[in-house]
Amino acid sequence: MGRLICISNRVMTPDQMDTSGGLAVALRELLNQRSGIWAGWSGQVSESSDVDVRRGTFTSATIDMRREEHEGAYLGYSNSVLWPVFHNRLDLARFDRNFFDAYMAYNTRMADMIAAFVQPGDVIWVHDYHFLILGQLLRERGITQPIGFFLHIPMPPPEAFLALPEFRDLATSLAAYDLVGFQTTHDVGNTLACLRAAAGAELLPSGRLSISGESVQAGSFPISIDASFFSPSATGTAPTSGARYAGIKRVLGVDRLDYTKGLPQKFRGFAHLLKSYPHFRKQTILTQIAAPTRESVEVYADIRQELEGISGSINGEFGDVDWMPVHYINRSVPRKRLKTLYRSAAVGFVTPLRDGMNLTAKEYVASQDPADPGVLVLSRFAGAAEELQDALLVNPYCVEELGDALAKALAMPIEERRQRHALLQAVVSKRDTAVWAADFLVQLERSAAQARSPFVASPAA
Ligand code: ADQ
């Protein structure tokens, strides 16, 4: 088996013991097994061109971003253009030609660094929207090894994709990969529609997509979590969800503080519950953990202020000396604490307006006591909804629907809670992140072999 080279925006170094998430754990395991290289951003902004290489059970290779790249490629093109457009928020996109130039410049420097490492037999796996065009830049440097790409965020419909001034370049650059992976079958459908509209792509009888004389395989690989970490039978787990917050049922939200996560609507949905179902007053609280993120992008500062305003007004309207309905915590919490919180919550309230997958939904399910599980209320527009059909699925834009779903969840009989949870748990525990990554890599090598086989019809044949 050849070495694996992973490229993602943030990177773990071999000396970093504390892995913050399931994906980091899974990638580290894979890289250990395949004496791989993890390449990306060091997290530092400087004018240095040095590559920081650290060797351990795997190797990390990182570069600093130059100030112009940080502003133009990272805060600019990645997070103020691609992120809003791919989440169908054209109104929040900031189109600026300099952003794309900086994105190209940063991807080019990353391609140069990786090209210097690649050896025969290596397999390359590029992650996410920060590096959409990296595959093409690697091909231009003569790299013929298998290259796969996985998009962690949703693929937009063509109406949004075509609003990107660079839509043609982005669409054709995907043809450089052997495999492009998405979170859901819906994303794969959008990809086909976008590539058709942007670059005249066609679906070949082999199932591959042909774009500008090249062919690429597209597939759905729903990402999962490290379910065993969250399992209630794991050591160090808190009391069951039966022992609720002093007799009060907790509705829990855990999100990055991002406009895609639908937090204002979520808060208003909770207010609707208190207004329309007054018997739940003093019987329930909403705990919202919201980790600050991308604070130097203006819209992120706006949403923070908006949420402080809404939570204050709900507490002002409904709160009492002995009960505050909204507990809004504006920071990140350690994963062990998160597990305890998930376990103690009667309802997992996960209502993004749009989300690639949403790992919180899966983590909540995995943390429940099967004998007395809580209820997952989940947005239809989270990628996770494609698999988690037995959650209470809601329209996250409709505040009344959110409040009604909470009322239903809080009153749900134990038999129904157990039944729904068993079905959801079966999905979550079926494939963990390690299985997800292994599936992707098997498909990648298969697709690369198919593309290089003289017996497979090429698009021109
Ligand atoms: P994110 O948008 O970051 O990821 P999500 O899938 O919810 O969204 O993952 C967040 C992770 O961070 C979860 O593991 C969660 O536990 C943790 N987290 C969130 N808020 C936290 C807090 N306040 N404190 C501590 N931990 C917190 C992107 C895409 C998603 C996709 C993932 C993985 O936007 O759609 O599911 O990548 O592919």
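The values are calculated or read from the model by the stated rules, or taken from the named source; none is laboratory data. These numbers come from a predicted model, not from an experiment. We place every Cβ from the backbone using ideal geometry, glycine too, and count neighbours over all the protein chains shown. Note: accessible area is taken over every heavy atom of the protein model, side chains too, but ligands, DNA and RNA are not part of it. Shrake-Rupley method; radii C 1.70, N 1.55, O 1.52, S 1.80 Å.
Antiparallel DSSP bridges in region 231-430: what percent, to the nearest 5?
So the antiparallel bridges amount to about 10 percent of the total.
What shape does the chain have by the C-alpha gyration tensor, where a ≥ b ≥ c are the square roots of the eigenvalues, rounded means a/c under 1.5, and otherwise prolate means a/b greater than b/c and oblate the rest?
Values: a/c = 1.77, a/b = 1.68, b/c = 1.05.
Taking the square roots of the gyration eigenvalues as a ≥ b ≥ c, the chain is prolate.
Return the subset of K261/K430; K362/K430; K336/K408; K339/K362 for which the Cα-Cα distance in this structure is over 18 Å, preserving the input order.
K261/K430; K336/K408
Given the options F349, I303, L338, identify the residue whose Cα lies farthest towards the positive end of the charge dipole of region 303-354 (+1 on Cβ of Lys, Arg; -1 on Cβ of Asp, Glu).
In region 303-354, that residue is L338.
For region 231-430, calculate the relative contact order in percent as a whole number, restricting contacts to Cα pairs under 8 Å that are 6 or more residues apart.
27 percent
Given the -39500 (n - 2.57) contribution per DSSP H run of 4+ residues, what per-residue ellipticity at 222 nm results for the chain, rounded to the nearest 500 deg cm²/dmol?
Helix-only estimate at 222 nm: -12000 deg cm²/dmol.
When N counts the residues of region 231-430, how does its alpha-carbon radius of gyration compare numerically with 2.2 N^0.38 Å, as a ratio? Please list the in-between numbers first.
Values: Rg = 15.6 Å, N = 200, 2.2 N^0.38 = 16.5 Å.
Here the Cα radius of gyration is 0.95 times the empirical estimate.
So what does R331 come to for accessible area, using a 1.4 Å probe and Å² rounded to 10?
Its accessible surface works out to 140 Å², give or take rounding.
For the chain, what is the percent of antiparallel DSSP beta bridges, rounded to the nearest 5?
20 percent
Treating only the Cβ of Lys, Arg, Asp and Glu as charged (+1, +1, -1, -1), what charge dipole size does region 127-186 show about its Cα centre? Round to the nearest 20 debye.
Numbers: 3 positive and 6 negative charges, 27 e Å.
In total the dipole reaches around 140 debye.
Please report the relative contact order for the chain, taking Cα pairs under 8 Å with a sequence separation of at least 6, and give it as a percent rounded to a whole number.
Values: 924 pairs, mean separation 64.5, N = 461.
In percent, rounded to a whole number, it is 14.
Which one of Y177, P292, L164 is farthest out on the positive end of the charge dipole of the chain, using unit charges on Cβ (Lys, Arg +1; Asp, Glu -1) and the Cα centre as origin?
Most positive-ward Cα: P292.
Check which residues have an amide H placed less than 5 Å from V394's amide H, if you skip close sequence neighbours.
Hits under the 5 Å cutoff: L378, S379, R380.
Name the shape class, rounded, prolate or oblate, that the alpha-carbon gyration tensor gives for region 342-434, where a ≥ b ≥ c are the square roots of its eigenvalues, rounded holds for a/c under 1.5, and otherwise prolate holds if a/b is larger than b/c and oblate otherwise.
On the way: a/c = 1.88, a/b = 1.06, b/c = 1.77.
Cα axes put region 342-434 in the oblate bin.
Once ligands and nucleic acids are excluded and a 1.4 Å probe is used, how much of K430 is accessible, expressed in Å² to the nearest 10?
Accessible area of K430: about 150 Å².
When a/c is below 1.5 the answer is rounded, else prolate if a/b is larger than b/c, else oblate, so apply that to region 128-185 with a ≥ b ≥ c taken from the square roots of the Cα gyration tensor eigenvalues. Please list the in-between numbers first.
On the way: a/c = 2.52, a/b = 1.43, b/c = 1.76.
Cα axes put region 128-185 in the oblate bin.
With only Lys, Arg, Asp and Glu charged, each at its Cβ (+1 for the first two, -1 for the last two), find how big the charge dipole of the chain is about the Cα centre; round to the nearest 20 debye. Could you put the intermediate results ahead of the total?
Numbers: 46 positive and 50 negative charges, 214 e Å.
That gives the chain a dipole magnitude of about 1020 debye.
Could you state how much accessible area D322 has, in square angstrom rounded to the nearest 10, with a 1.4 Å probe and all protein chains kept in place?
110 Å²
With a 1.4 Å probe and all protein chains kept in place, how do L203, L30 rank by accessible area, largest first?
L203, L30
Roughly how many debye, to the nearest 20, is the charge dipole of region 231-430 about its Cα centre, given +1 on each Lys and Arg Cβ, -1 on each Asp and Glu Cβ, and no other charges?
560 debye
Considering the Cα positions of region 164-225, please state its Rg to one decimal place and its Dmax as a whole number of Å.
Using the Cα atoms of region 164-225, the pair Rg, Dmax is 11.4, 37 Å.
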